[in-house]
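Take a look at the structure set out below.
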């Protein structure tokens, strides 16, 4: 489904990603870990279409990934993912309004009721059934991210991109959210790319783990070389020693 | 609290009538008042102040009304103004004021201008832009009298003098009343006609140096020094010699024009270069009649204050008699100092 | 004893502390007025409260001798109409320009330099041009307010639109929104409370230009009256007028703040997440 061939991304002289080659099949759940600034979020932006590759190709079903965001790729950010001026219900129905009302982006009458019914169902599936009239600022961080997920899924994207979606949540809530994402992934048969800081989360969730890291480093010119995918591991087939080795690379113990 | 009040009153400069030796005089730019600037800049005021052992500071104020307000509030001992403003601002404000020097009267310097029309009668129904409640307004009222119209036959639009020329340049302004140098500027625009001017009411718009009566009584030296300086400057500027031309050139330049422009304005101003002419004008019975007309106009427009029951509420003393309430005289025309100048006794 | 920076007075104290300077100014004024009036009962510079209330009574409750109008109210109506039109038009123009330049990079590139230049021009210095183009009547007064206020509103809204989290625009696009829909459903509603804030901030400037416009050429209005009676130093009219303008400005500000809280509760309670 998705394929990268010798993919490079620079910002001016600053090489962020280099020599990325990969193939992803439909339905995979990929988690991406790495130190900050290692390019995993940049890779997500390339998939999203807000950034373009400098060299090489990134294709979706054989065609280049479009150069702007679109319906087939849903996204949940760590924050600012929902619209603060809309209620929970409106945050979900607005996606249908965008679809059916190209000029105003508003629904009326039966079209509106239909969209609301559908949205209520989606909200129920993320556990927000009782909160539909509230505004985002009245929700907890976890509930806001549930809403963001419901919103992202309403137009049935094939690919769901998650950019550290639980980074700002408490550990207990995070576990619930991980369960939720897994169940939705199965239910909607999504292909998921998730960036995370938490290597445990990377090992626990999904089917495949990518570790982004630099293989070459020039202390005189720290930006001359970019990061690439240093490990590409099937999740669930991993021993403790490897986990610690990766953990050690990403979070070096100060000497 | 009492002390605070005193402090405030002092900082707001209630003028004290006691004998002093340091005084402040305000003037603003106008053809008939340019001599004050010249006299101050060329040491004439200082010479006369020194002669009487006092100190006179002559201050130019850019905003004419503000200078009168400042004088009325007590920040200045004397100030230049017209006879009408002298009555409606300091006198109506309870500040007993004396016209120390009658410098000139407008003899065409103020005028009514119509765009595209050639006689005053056609002003009826128009919007007329002028500085409301100023001598322009008075001139208009007198003009309307002469053709049997009333102010209610037209609409007066209060327009700042600074913007009068620009306002006249717009198509929807068709009638203005203003003074020089704005008047000549406006008349130079196409299809503009002067339909009435102050030469048709000679001697009614008078330019004065007004001084606080109590201050003058306590400090006759101030009156003498100012009068002396004024007539020395008059003698200088009226001369046909080089010095006279130089003085008029300097005054013209200080008022933002040149010698020719300034002389054109002087031509429509009846300057009293000789003290004896000013004395004769002040002594004439016509002055009292003029002040009556001015007081009636001012009363009709509410300028004498709401407490005023009639036009004669504020008394005006002239050598030919008092107009109005003799118990409430607040504006005095006193030729005594000008007479001293005429007699060469300064 | 706490540090001064940590010392915040409780509510009744705060009220009292706030009133003391005001009362002091008032007392100082009354004392000064009293002192001047003792010396000269006709003094006009610092009128007493009675003089001011009788002037106000005359202006607001008695028909004018010349026109039969209640001057205070016709002045107020004329000024509020000009201010309302001026600020309203400025708000619409400012909203359009701010939103479009903030949201659409192509429009931003085309208009930003002009907007920057425009916002730096002192409009009062260009009065003669305004007169020629817009005449001397109501229009030029409204235009003066618009020119004085719109660039500020436009720049403020442009800034806020540019500061809107990119994430929301990306999210809307992944939900299938086109540019129009992003403008109307995502950006515009979130900019509206900012517009009200900007209008509140620019009301002071609006009043300034209104009074300037009325001082230049007018037949009625609060600024017209103040500048007219200044000709004979009628502080007994000017001071109540100034107090009235202050009160009107305060009430307008309160009303806008209330409107904003009422219409956009999420803006006031919500953090930006």
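The values are calculated or read from the model by the stated rules, or taken from the named source; none is laboratory data. This is a predicted model, so every value here is computed, not measured. We place every Cβ from the backbone using ideal geometry, glycine too, and count neighbours over all the protein chains shown.
Values for this structure:
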read-out: Residues of the stretch C:169-197 satisfying the condition of being within 7 Å of another protein chain (Cβ to nearest Cβ) and over 31 Å from the mean Cα position of the chain (by Cα); value: C:170, C:171, C:173, C:174, C:175, C:176, C:177, C:178, C:180, C:181
read-out: Residue pairs meeting the criteria (Cβ under 8 Å; at least 6 apart or on separate chains; first surrounded by fewer than 16 Cβ atoms within 10 Å (Cβ to Cβ), in the stretch B:32-53; second not in a helix (DSSP H, G or I)); value: B:53/B:21
read-out: Scan of the stretch C:1-49 for residues that are outside any helix (DSSP H, G or I) and farther than 18 Å from residue C:233 by Cα, ordered by number; value: C:1, C:2, C:3, C:7, C:8, C:9, C:10
read-out: Residue check for residue C:23: in contact with a helix residue (DSSP H, G or I) (Cβ under 6 Å, 6 or more places away or on another chain) and either without any contact (Cβ under 8 Å) to a residue 60 or more places away in the chain or surrounded by fewer than 18 Cβ atoms within 10 Å (Cβ to Cβ) (or both); value: no
read-out: Residue under evaluation residue B:65, criteria (1) at pLDDT below 95; (2) touching a helix residue (DSSP H, G or I) at 6+ places or on another chain (Cβ under 6 Å); (3) surrounded by 24 or more Cβ atoms within 10 Å (Cβ to Cβ), criterion not met; value: (3)
read-out: The stretch A:50-66: number of residues that are under 28 Å from residue A:150 (Cα atoms) and not in a strand (DSSP E or B); value: 6
read-out: Enumeration of residues in the stretch A:15-46 that are farther than 19 Å from residue A:213 by Cα and out of contact with any helix residue (DSSP H, G or I) (no Cβ under 8 Å at 6 or more places or on another chain); value: A:24, A:25, A:26, A:27, A:28
read-out: Every pair of residues 6+ apart whose Cβ atoms lie under 7 Å, when the first sits in the stretch C:56-72 and is in contact (Cβ under 8 Å) with a residue 12 or more places away in the chain while the second is not in a helix (DSSP H, G or I); value: C:60/C:70; C:71/C:64
read-out: Which listed residue is at pLDDT 90 or above, under 22 Å from residue C:124 (Cα atoms) and assigned to a helix (DSSP H, G or I), from C:244, C:258, C:207; value: C:207
read-out: The one condition in (1) touching a helix residue (DSSP H, G or I) at 6+ places or on another chain (Cβ under 7 Å); (2) within 24 Å of residue A:15 (Cα to Cα); (3) within 14 Å of chain C (Cβ to nearest Cβ); (4) surrounded by 19 or more Cβ atoms within 10 Å (Cβ to Cβ) that residue A:58 fails to fulfil; value: (3)
read-out: Matching residues in the stretch B:65-90 - criterion: being more than 9 Å from chain C (Cβ to nearest Cβ), in contact with a strand residue (DSSP E or B) (Cβ under 8 Å, 6 or more places away or on another chain) and not in a strand (DSSP E or B); value: B:67, B:70, B:71, B:75, B:76, B:77, B:83, B:86, B:87
read-out: Residues of the stretch C:153-168 that turn out to be surrounded by fewer than 18 Cβ atoms within 10 Å (Cβ to Cβ) and either over 12 Å from residue C:101 (Cβ atoms) or within 9 Å of chain A (Cβ to nearest Cβ) (or both), as a count; value: 3
read-out: Flag if residue C:126 is within 13 Å of chain B (Cβ to nearest Cβ), modelled with pLDDT under 85 and within 22 Å of the chain's Cα centre (by Cα); value: yes
read-out: Contacts under 7 angstrom Cβ, first residue in the stretch B:180-196 being farther than 17 Å from residue B:116 by Cβ, partner surrounded by fewer than 20 Cβ atoms within 10 Å (Cβ to Cβ), 6 or more apart; value: B:181/B:257; B:181/B:261; B:182/B:161; B:182/B:165; B:184/B:264; B:185/B:165
read-out: Residue B:337, sole failed condition from (1) farther than 30 Å from residue C:228 by Cα; (2) modelled with pLDDT under 95; (3) in contact with a helix residue (DSSP H, G or I) (Cβ under 8 Å, 6 or more places away or on another chain); value: (2)
read-out: Test: residue B:181 is more than 30 Å from residue B:273 (Cα to Cα) and outside the structural domain of residue B:294 (by TED's automatic domain parsing); value: no
read-out: One residue from B:286, B:235, B:293 being without any contact (Cβ under 8 Å) to a residue 40 or more places away in the chain, more than 22 Å from residue B:24 (Cβ to Cβ) and assigned by TED's automatic domain parsing to the domain that holds residue B:49; value: B:235
read-out: Subset of the stretch B:125-157 [over 20 Å from residue B:171 (Cβ atoms), more than 10 Å from chain C (Cβ to nearest Cβ) and assigned to a loop (DSSP other than H, G, I, E, B)]; value: B:147, B:148, B:149, B:150
read-out: Filter result (surrounded by 14 or more Cβ atoms within 10 Å (Cβ to Cβ) and facing chain B (nearest Cβ under 9 Å)) within the stretch C:40-63; value: C:40, C:42, C:43, C:44, C:45, C:46, C:54, C:55, C:58
read-out: Hey, residue B:202 surrounded by fewer than 15 Cβ atoms within 10 Å (Cβ to Cβ), more than 20 Å from residue B:37 (Cα to Cα) and without any contact (Cβ under 8 Å) to a residue 60 or more places away in the chain or not; value: no
read-out: Hits in the stretch C:225-238 - residues which are more than 9 Å from chain B (Cβ to nearest Cβ) and farther than 15 Å from residue C:211 by Cβ; value: C:235
read-out: Any hit, the stretch C:44-52, residues being under 16 Å from residue C:238 (Cα atoms) and out of contact with any helix residue (DSSP H, G or I) (no Cβ under 9 Å at 6 or more places or on another chain); value: yes
read-out: Residue in the stretch A:172-191 that is over 19 Å from the mean Cα position of the chain (by Cα), assigned to a helix (DSSP H, G or I) and over 21 Å from residue C:266 (Cβ atoms) present; value: yes
read-out: Selection count where residues are closer than 17 Å to residue B:69 by Cα and out of contact with any helix residue (DSSP H, G or I) (no Cβ under 6 Å at 6 or more places or on another chain), scope the stretch C:198-238; value: 4
read-out: One residue from A:124, A:111, A:97, A:175 being closer than 23 Å to residue A:187 by Cα and not assigned by TED's automatic domain parsing to the domain that holds residue A:31; value: A:124
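Residue-by-condition table, conditions (1) part of a loop (DSSP other than H, G, I, E, B); (2) farther than 22 Å from residue A:9 by Cα; (3) without any contact (Cβ under 8 Å) to a residue 60 or more places away in the chain; (4) away from chain C (no Cβ under 12 Å):
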| site | (1), (2), (3), (4) |
| --- | --- |
| A:68 | yes, no, yes, no |
| A:75 | no, no, no, no |
| A:90 | no, yes, yes, no |
| A:113 | no, yes, yes, yes |
| A:118 | no, yes, yes, yes |
